[in-house]
Amino acid sequence: MKIQFQTAGILMLSLVSLFSCSKNDDKVTPAPSVSPESKVVANLDADAGNKGSFTLYSLADNKVVPNSDSATTKWDIGFKATTIIINGGSSGPGKGEAQVVSGLYSTLLVAPESGYTTDAAAKKAITGWYSYNMTTHVISPVTGAVIVLKTANGNYAKLEVTSYYKDAPATPDANSLSRYYRFQYVYQADGSRNFK
Amino acid sequence: MYRYLFLFACIMRAGILFAQTDTTGSNKVLQEVVVTATRNEQLLSKVPVPVTVITKQQVQSMGAVLLQQVLAEQTGLFITSNHGTGVQMQGLEAEYTLILLDGEPLIGRTAGTFDLSRIVVSNIERIEIIKGPVSSLYGSDALAGVINIITAGNKQQGVTSIGGRYGSNNVYTLDGNTRIPYQKGSFAAGVSMYNSNGYTLGNAASPTVSPFKTYTAQSRWEHDWSPRWHTSLSGRYYEQRYNSYFQDTKGRVSDVGKEKDMNASWQVRHTPGKNFSEVLRLYYSRYATNEEMRYQQDNSIYDVSFFKQQYIKPEYQADWQLHPKHQLTGGIGYIHESLEATRYDNRMAFNSGYVFIQENWKPAGAWNILIGGRFDTHNQYPSQFSPKVSLSYNINRDWRILGAVGRGYRAPDFRQLYLHFNNAAVGYTVLGTRLAAAVLKEMQQQGQIKQVNIDPAQTKELDAESSWSYNLGIQGKAFANTKVKVNFFYNAVKNLIDTRTIAVKTNDLAVYSYVNVHSISTSGAEVELLQPLGAYWQVSGGYQYLRSKDNDLFKKVKNGEVYTKDAGTGDTRALKTSEYFGLFNRSHHSGNIKIAYIHPRLGVDANARVLYRSKYGFTDENGNNTPDLKSEFVPGYTTVNLAAAKSLFSKQLRLQATLENIFNYTDPQHIATMPGRIYSVGLTWNFYHAVNKQ
């Protein structure tokens, strides 16, 4: 049984590297009519060192934005442990709004028209995306929880967190390194709600 | 105090009584008599309800000390651990099984569970188990079934015994029991002490089972004043103390608790003629706990709580043989229950009245029909009517079919009606439904409420959880001597009570209250076989197949709205209906095989029991409310228990050794109730007296 798991893990790893390869080749033409594609971000350090700072990310540019730009609209989404912020409301100067919908990432082809909220100091727009196991202390993404958000400049994106652990082990345990996000997302640059 | 004096006096008189031998006839009961299914004595082979009887001898040959050890080895029953050790029956959790002691309900449930480790089985006569609802006779909680622990024996043999047992984890017990029959009655008394040093599984920060010590004393006096008048008086006292600790951010906290439980029952039976008998029962029970948690470094208080529950029930019952084919049983009763506890505003009281009626109709030789119902009226939740029809049909001399349809219910408990709990540390509030409207209004006036989600004034009154249940089975003898029992069951339970956020406080935390929401169903089949092999050997086996589902969740699964992570691709996809495993803590398959060797002449009895349960859902890690990942399950397991005993000196001395869980199976992460391999040795000395000569 254990052996099967290891192979699954290796598979996952190779998948990660596959995706990360493809990601680099994609910075060509941002033609608005072309359907946006799903990108994978792996091992995004979300305050693994417990320094209390968010890791800010630009979905539009598919890269990490330095914290010195936190007061700008250069970033769309930020991660610190299990807390996810968006660039809007109390968290940033952008137009960010978000909601968590229940569905399949792959078949969610149009963003919902309404239901978005922005960040407030006490309550972030993105909640309920993970589940905490009290006995093993493992954080698992809620299956079927798809984050739909408006980015800093008001474009739509959908995002699914697939792991909270380094190298996305199939069954994380107490020894797995946490606060490393793996997620996939689609960013629609043309301002429409279409993810197709 | 009076009771102890009385007990003492009776023991002192034992010598005198011993001289008088019983002269009334001891009509040897050739066939087993059961009482739980109909509230009057019926032959087990005739009663149209499947009843499982566990005899004293079976309990003794297992070497069981606590009730859960006995129940754990029964087909279709599982021991659960949730605020105490409970039992799951027909796939329904511990709160749905009523536990009776000599026909009277035992009180003191924590979050719905009656802790089975409160019952020491050293002095019981037998246990009767009925699966399927019996609310038609017993009212609330008898939804999954009833377990009746019977201490009263009608044996004419006087016996005094003392015994002790010592085993792993420094578990030791000491018992003394006596039964003194005399010409017109009998007196029985017993005391027992149980000590356990508990155990810690894995490298847990606090004991898995904390050290505890219990004392039980009980007595029973039965007397025939005349051929028409019979009384019985019985009492039981139980006390438990435990000593635990746990780690808090500010240091180690010691947790010391005390649990006390007592009950007293007085019955007068009047039998004016052959066809009529009536009985008046008075029952009182009290249950109290005290718990103190203090920081060990400075003895400052972490939490102190108490709980005190009282229960009084007068009841009248009449049994009337109207006609050779019709026996009518009817009763009327009243229950007053009260509660005082931390987290409750005042002393709370419940009053309920009830009537029940049952007709046992035997239209023709092969048929036996039981039609009954009970109506409970209550001052805190809607009245309940619980009808039930059971019937049996004898196909031939060896085989009979049994079927039953009935309604069961479980009343909302004190907590769901009256809890008023502000978690100061975290900041949320939990309100019982009866208080919710008033307290919420108060909180609104104080400006503590940001938003109301559900207006408690608008919601329907909290109703009892209720079920309709169907059982169909066949019992008989196959081949020469193989006893076979098969039963199919289906339970549909609705109005399950769950917590919901009724409002949001200004601190963004919730105000919770209780609502009737879910509905679930459980279904399955149970098979039991018993085969004697030669004069001394016996093999028996049991198997249960069980399916369960949360109806709303299953509907969502059907609609493709419940998601899982595909083990192969790692992608999220809809959970297939075939992948829906069912409710948590339910194994699809379970079974047991027992081999016993009993040689009365040599005074030897030995047995081996193999118990199996297949994997079951333990937790939800990925937020889809159903077990679907491998890590969300407890793997299936098998345990093997052994016991061997030898009697000496014309059965006066009995020595026993037991070895439970010989392959030392443990699963610290999931199964707290399994400490691994357990050895024990026991010794009982029986002093027989006042043997009936007839």
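A few notes on this one:
- Solvent-free Debye calculation, one equal scatterer per alpha-carbon of the stretch B:200-351: log10 I(q)/I(0) at 0.14, 0.15, 0.17 Å⁻¹ equals -0.86, -0.92, -1.05.
- Where the alpha-carbon atoms of the protein assembly as shown are placed on the principal axes, they occupy 106, 66, 62 Å, in descending order.
- Tilt relative to chain B, helix B:433-445 - C-alpha long axis, 0 to 90 degrees, to 10: 30 degrees
- 15 Å cut-off, amide nitrogen to a point 7 angstrom out along B:ALA525 Cα→Cβ, residues in the stretch B:585-600: B:589-590
- Per-residue extension of 0.36 nm, minus the Cα-Cα distance of B:SER254 and B:LYS555, leaves a gain of 103.7 nm for this segment.
- Relative to the longest principal axis of the Cα atoms of chain B, the long axis of helix B:2-19 lies at roughly 20 degrees.
- Solvent-free Debye scattering, log10 I(q)/I(0), computed from the Cα coordinates of the stretch B:267-318 at q = 0.26, 0.29 Å⁻¹: -0.94, -1.02
- Simple spin-label estimate for B:ALA264 and B:ILE662 in nanometres, 7 Å along Cα-Cβ: 4.9 nm
- Centroid-to-centroid separation of the stretch B:274-315 and the stretch B:343-374 [C-alpha atoms, Å]: 25 Å
- Pairs exceeding 31 Å between alpha-carbon atoms, taken from B:LYS325/B:LYS477; A:LYS150/B:LYS549; B:LYS46/B:LYS615; B:LYS56/B:LYS213; A:LYS39/A:LYS80: A:LYS150/B:LYS549; B:LYS46/B:LYS615.
- Under 16 Å from B:LYS555, Cα to Cα: aspartates and glutamates that are on another chain or at least 8 residues apart: B:GLU579
- Gyration tensor over alpha-carbon atoms, the stretch B:434-500, equivalent ellipsoid semi-axes in Å: 53, 10, 8
- Shown in residue order for the stretch B:543-551 are the 3J(HN,Hα) couplings computed by the Karplus curve 6.51 cos²θ - 1.76 cosθ + 1.60 at θ = phi - 60°: 8, 10, 10, 9, 10, 8, 8, 8, 4 Hz (x for Gly and Pro).
- 12 Å cut-off, amide nitrogen to a point 7 angstrom out along B:TRP468 Cα→Cβ, residues in the stretch B:391-433: B:405-408
- Each of B:ASN507 and A:THR117 was given a label point 7 Å from its Cα along the Cα-to-Cβ line. The distance between the two points is 1.9 nm.
- Coarse-grained scattering of chain B at q = 0.06, 0.08, 0.09 Å⁻¹, given as base-10 log I(q)/I(0) from a Debye sum over alpha-carbon atoms: -0.37, -0.67, -0.87
- Spacing of the modelled spin labels on B:HIS670 and B:ASP566, each 7 Å from Cα toward Cβ, amounts to 2.6 nm.
- Whole-angstrom gap from the stretch B:42-68 to the stretch B:108-146, using each part's C-alpha centre: 14 Å
- Qualifying lysines (Cα of each under 20 Å from Cα of B:LYS184; at least 8 residues distant if same chain): B:LYS28, B:LYS155, B:LYS274, B:LYS693
- Estimated from the Cβ-Cβ distance and a Förster radius of 56 angstrom, the FRET efficiency linking B:ASP398 and A:THR171 is about 0.60.
Where a number appears in this text, it was derived from the coordinates with a stated rule and is not lab data. Computed from a predicted model, the values in this text were never measured in an experiment. With ideal geometry, Cβ positions are generated from the backbone for all residues, glycine too; neighbour counts draw on all protein chains shown.
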